[in-house]
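The values are calculated or read from the model by the stated rules, or taken from the named source; none is laboratory data. Here the structure is a predicted model, which is why all the values come from computation and not from measurement. Glycine also receives a Cβ, built like all others from the backbone with ideal geometry; neighbour counts cover every protein chain displayed.
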Amino acid sequence: MPRVFITGLGLVTSIGNDAATVTRSLRELRHGFEVFPPFQKPEIPVKVIGTIKDFATNSPDPEDWAFPAGYTIKRELLRTMAPNGLFAQCAMLQAVADAKLTEPDISNRHTGLYAASAGSPYLLHHHNDRLNKVGVMRCSPLGIVASIAGTLNFNLIAAFKIQGSSCGFSSACASSAHALGFALDDLKLGRQKRMFVVGAEDGNLDAILPFAGMRTLSLQTDPNLASRPFDAARDGFVGTGGGVALVLETEEEVVRRGVTPYAEVLGWGQASDGWNVAISHPEGSGSAAAMTLALRASGVAPEQVDYVNAHATSTLIGDISEARALRSVFQDAALRPAVSSTKALTGHGLSLAGVMESAFCALAIREGFIPGNAHLTKLDPECAGINILRTTENTPPKIVIKNSSGFGGANVALVFKRVA
Amino acid sequence: MPDAVLSNQGTNKPIPLTNKPFSPEDETALREALKRCSPSAFESAVQFRKTGNAEHVPAVVIGIIERFVEPDLRIKLKDADDDLRLIEDLGIDSLTMMEIVILVEDVLQMTINNDELRNLRTVGDVKTFIDCKIRGLALPKPTKFIPIEHIGAVMPVQPPFLFLNEASVSSTAANGKYRITGQEFFLQGHFKDNPVMPASIMLEALGQLAVLYLLEGAPTEAGKVVSPQSIFFTGCEGVRAHRICKPGDILSLSIKPKRMKMPLATFEGAIRVGQEKAVIAEEITLTFLMVDAANAPVSINGAFEHAGNLSGSAAAPATGVPPLRVAMNATG
């Protein structure tokens with residue numbers, strides 16, 4: 001089976017809108033949280049999100065939006081996009097440039113695109129509201145493709161004239177990790193030569209606030225304390241949006257095009273908890289199984305793993321489950337990998353999380369560092385027994401695992417390897 | 001279509017201008033709706049909403065179309081030629097068309113049905129359509145493509161004197177094509193060892209397109225149709241030939257009505273070969289009569305009178321062949 005490599009990436013995240021800024025944020029543990037103006041109402045107890053800087057998407061009309069001057073996006077494309085589509089479009093443009101792809105490289109039967117976003121609750125709300133107000137036949141003809149789950153793939157496939165495999169993935173916070181895993185399969189099976197994997201979320205009030213009802217959001221008002229994975233004082237996750245795109249290519253294409261990859265994608269695994277619709281398995285059984293399967297598929301022994309970028313979102317139950325899963329997979333205390341959750345810096349990107357954090361792993365592998373677990377003051381004793389990094393280490397990780405878990409107890413683990 | 005009747009679709013009643021006056025709130029909403037359109041489009045919309053005067057409508061419609069056209073193509077709308085095509089020239093796809101329609105509906109307070117939209121292909125189509133809606137006139141007939149079989153069936157003129165291979169007709173124009181095969185009987189003598197399409201025949205071809213327009217495109221009073229047997233050539237002005245046309249050339253013919261008042265219809269016409277001008281006719285005038293649709297002959301009884309036939313040659317005997325047969329013969 002062909003080897004598969006990450007050859008390009010693009011980032012629009014709360015900790016930076018390009019690879020250089022994101023790398024610096026990861027190294028220096030700079031978070032992207034701000035007090036979010038739409039939350040500053042007495043009836044909204046949540047105050048902080050990971051904000052996307054230099055973008056303004058707080059209008060249902062894309063022609064009102066603002067984005068950095070370097071991007072040119074025609075109205076024809078913009079009109080069918082949700083905010084997450086705009087973020088992803090910009091991330092895709094970065095990834096295409098980063099991977100040095102030409103138009104013929106992108107638009108052919110051997111190049112596909114898998115995407116993950118939750119759609120746009122914001123625009124769905126807006127368009128349904130208009131439907132009720134002005135009547136069915138006066139609704140925007142583009143409201144559907146701009147707002148339903150799938151909007152991300154619809155838009156990107158059309159915008160980049162993708163002709164290979166395309167699909168949207170919907171497993172909540174594991175979505176884009178699933179997308180990456182299945183993209184890897186398509187490449188390994190010879191179905192495709194190149195895959196874009198994209199995750200994006202609006203990260204606005206409508207996308208984030210509904211999680212408050214589940215009591216999963218942090219109520220912290222101080223942006224510096226809001227996201228604290230594995231910390232005893234953590235009180236929930238901090239929402240964020242953005243868009244991230246990865247370019248995966250087979251070895252043959254890497255050689256043909258003469259590009260330097262970030263990392264090799266060795267394999268992946270997935271397993272489900274079979275437990276609860278929203279609560280992770282207390283022992284992290286699905287997550288542990290996913291990691292074990294991923295390692296097996298990659299031909300890697302647990303002790304070879306240098307770093308695990310945890311799913312840990314800073315929720316009470318989830319972080320403990322994952323810590324237990326990690327303990328069960330990496331039993332030899334002396335050989336345990338470094339663990340950190342970069343959600344301490346970015347917040348939880350929901351569908352975006354898996355591919356965003358995979359991009360972080362790619363940057364860490366290429367730049368030779370392991371990002372620390374920020375905002376960890378007092379370790380939750382329940383999360384003890386794993387090697388949580390408190391500060392960034394300047395050692396290049398060779399083998400890295402990326403964990404993602406979603407509603408329904410869906411768990412994905414991806415394995416990346418440094419290119420020698 | 002019982003559904004259409006029930007839902008009042010397809011009817012074209014004048015827009016009932018609301019009795020309540022145009023309020024400052026209406027103006028604010030209108031300004032918001034047209035915020036990305038030119039100030040003149042907004043002003044025209046205000047005038048229309050205040051007075052109901054349909055003269056303001058084209059400026060509103062053009063302003064709205066312009067707003068949805070990519071900036072680099074907007075220049076084309078500056079000297080808005082009615083023949084400017086929405087899809088081919090302005091890059092407007094069917095989704096953008098829906099956006100335009102919804103904004104037009106909102107701004108002009110009217111309702112446009114889906115099936116009315118399909119036929120709008122040019123800026124002129126849109127302007128005419130909206131104008132008819134506003135004034136409560138019968139909707140113009142859509143541009144329709146007429147294949148050779150149908151041309152043969154409806155035209156009073158028949159092979160070997162029919163010089164149209166295909167045509168499309170709307171309420172404002174007709175376009176057609178004719179390929180000079182070299183087998184035309186008159187080319188044997190015109191000229192000796194040098195077949196050249198006679199200019200008089202090219203004018204004849206334009207006249208035939210005008211006949212087709214009268215039969216298939218011209219707006220008529222309700223319950224009336226143009227009688228095929230009533231159409232004859234009366235005169236032409238400003239006819240110039242610019243290019244020698246020979247076998248193998250494809251003549252692209254176009255005519256547009258300039259004036260039409262029974263019994264006279266005057267057209268301007270042009271023939272091109274590719275991009276080259278071949279013939280210009282400033283005016284071609286035909287006579288015609290309208291008859292009750294009920295009394296109109298169901299079929300055309302052969303090629304008795306060659307309407308639009310400049311040659312004025314002796315009429316061929318009526319054959320009584322049913323039109324379909326004629327059409328089939330026409331295509332060989």
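Listed values, structure above:
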read-out: Hey, residue B:91 away from chain A (no Cβ under 14 Å) and modelled with pLDDT of 80 or more or not; value: no
read-out: Every residue from the stretch B:223-254 that is in a strand (DSSP E or B) and under 25 Å from residue B:182 (Cβ atoms); value: B:239, B:240, B:241, B:250, B:251, B:252, B:253, B:254
read-out: Cβ pairs under 6 Å, 6+ apart, first in the stretch B:150-169 and more than 28 Å from residue B:122 (Cα to Cα) and in a loop (DSSP other than H, G, I, E, B), second at pLDDT 95 or above and of a type outside the set (Val, Ile, Thr); value: B:157/B:208
read-out: Selected residue (criterion: nearest to the other protein chains (Cβ to nearest Cβ)) from residues of the stretch A:90-106 that are over 19 Å from residue A:360 (Cα atoms) and of a type outside the set (Lys, Arg); value: A:103
read-out: Tally of residues being more than 24 Å from residue B:222 (Cβ to Cβ), in contact with a strand residue (DSSP E or B) (Cβ under 9 Å, 6 or more places away or on another chain) and of a type outside the set (A, V, I, L, M, F, W, C) across the stretch B:82-139; value: 6
read-out: Evaluation of residue A:276 against (1) among the polar types (S, T, N, Q); (2) loosely packed, with under 15 Cβ neighbours inside 10 Å; (3) under 25 Å from residue A:156 (Cα atoms) (one fails), failing number; value: (3)
read-out: Filter result for the condition that a residue is aliphatic (A, V, I, L, M), over 20 Å from residue A:9 (Cβ atoms) and modelled with pLDDT of 95 or more, over A:254, A:259, A:305, A:244; value: A:305
read-out: Conditions (1) at pLDDT 85 or above; (2) crowded, with 19+ Cβ neighbours inside 10 Å; (3) in a loop (DSSP other than H, G, I, E, B): number failed by residue B:175; value: (3)
read-out: Test: residue B:106 is surrounded by fewer than 18 Cβ atoms within 10 Å (Cβ to Cβ), of a type outside the set (Gly, Ala, Ser), facing another protein chain (nearest Cβ under 10 Å) and touching a residue at least 60 places away in the same chain (Cβ under 8 Å); value: yes
read-out: Residue A:39 being buried (at least 24 other Cβ atoms within 10 Å of the Cβ) and farther than 15 Å from residue A:87 by Cβ; value: no
read-out: Matching residues in the stretch A:387-420 - criterion: being in a strand (DSSP E or B) and charged (D, E, K, R); value: A:393, A:402, A:417, A:418
read-out: Residue match in the stretch B:72-88 (condition: small (Gly, Ala, Ser), in contact with a Leu (Cβ under 8 Å, 6 or more places away or on another chain), outside any helix (DSSP H, G or I) and outside the structural domain of residue B:168 (by TED's automatic domain parsing)); value: no
read-out: Top-ranked residue of the stretch A:213-230 - restricted to ones that are small (Gly, Ala, Ser) and touching a Ser or Thr at 6+ places or on another chain (Cβ under 6 Å), ranked as surrounded by the fewest Cβ atoms within 10 Å (Cβ to Cβ); value: A:226
read-out: Members of the stretch A:157-187 that are more than 17 Å from the chain's Cα centre (by Cα) and more than 14 Å from chain B (Cβ to nearest Cβ); value: A:157, A:159, A:160, A:161, A:162, A:163, A:164, A:165, A:166, A:185, A:186, A:187
read-out: Residue check, residue A:233 in a loop (DSSP other than H, G, I, E, B) and touching a residue at least 40 places away in the same chain (Cβ under 8 Å); value: yes
read-out: Selection from the stretch A:182-205 of residues that are surrounded by fewer than 24 Cβ atoms within 10 Å (Cβ to Cβ) and closer than 16 Å to residue A:359 by Cα; value: A:184
read-out: Residue within the stretch A:110-121 that is at pLDDT 95 or above, within 14 Å of another protein chain (Cβ to nearest Cβ) and touching a helix residue (DSSP H, G or I) at 6+ places or on another chain (Cβ under 9 Å) present; value: no
read-out: Odd one out for residue A:89 among (1) within 30 Å of residue A:389 (Cα to Cα); (2) surrounded by 14 or more Cβ atoms within 10 Å (Cβ to Cβ); value: (1)
read-out: Qualifying position, being assigned to a strand (DSSP E or B), in contact (Cβ under 8 Å) with a residue 12 or more places away in the chain, more than 14 Å from chain A (Cβ to nearest Cβ) and aromatic (Phe, Trp, Tyr), among B:129, B:145; value: B:145
read-out: Residues of the stretch B:257-282 classified as within 17 Å of residue B:218 (Cα to Cα) and either in contact with a His (Cβ under 6 Å, 6 or more places away or on another chain) or surrounded by fewer than 17 Cβ atoms within 10 Å (Cβ to Cβ) (or both), total; value: 7
read-out: Helices (runs of 4 or more DSSP H) within the stretch A:117-229 that include 3 or more residues touching a Cys at 6+ places or on another chain (Cβ under 7 Å); value: A:121-134
read-out: Residue that is surrounded by the most Cβ atoms within 10 Å (Cβ to Cβ) [pool: residues in the stretch A:42-80 that are away from chain B (no Cβ under 14 Å) and among the aromatic types (Phe, Trp, Tyr)]; value: A:55
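Okay, residues lined up against (1) in contact (Cβ under 8 Å) with a residue 40 or more places away in the chain; (2) out of contact with any Gly (no Cβ under 6 Å at 6 or more places or on another chain); (3) buried (at least 24 other Cβ atoms within 10 Å of the Cβ):
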{"site": "A:335", "(1), (2), (3)": "no, yes, no"}
{"site": "A:341", "(1), (2), (3)": "yes, yes, yes"}
{"site": "A:369", "(1), (2), (3)": "yes, yes, no"}
{"site": "A:373", "(1), (2), (3)": "yes, yes, yes"}
{"site": "A:407", "(1), (2), (3)": "yes, yes, no"}
{"site": "A:413", "(1), (2), (3)": "yes, no, yes"}
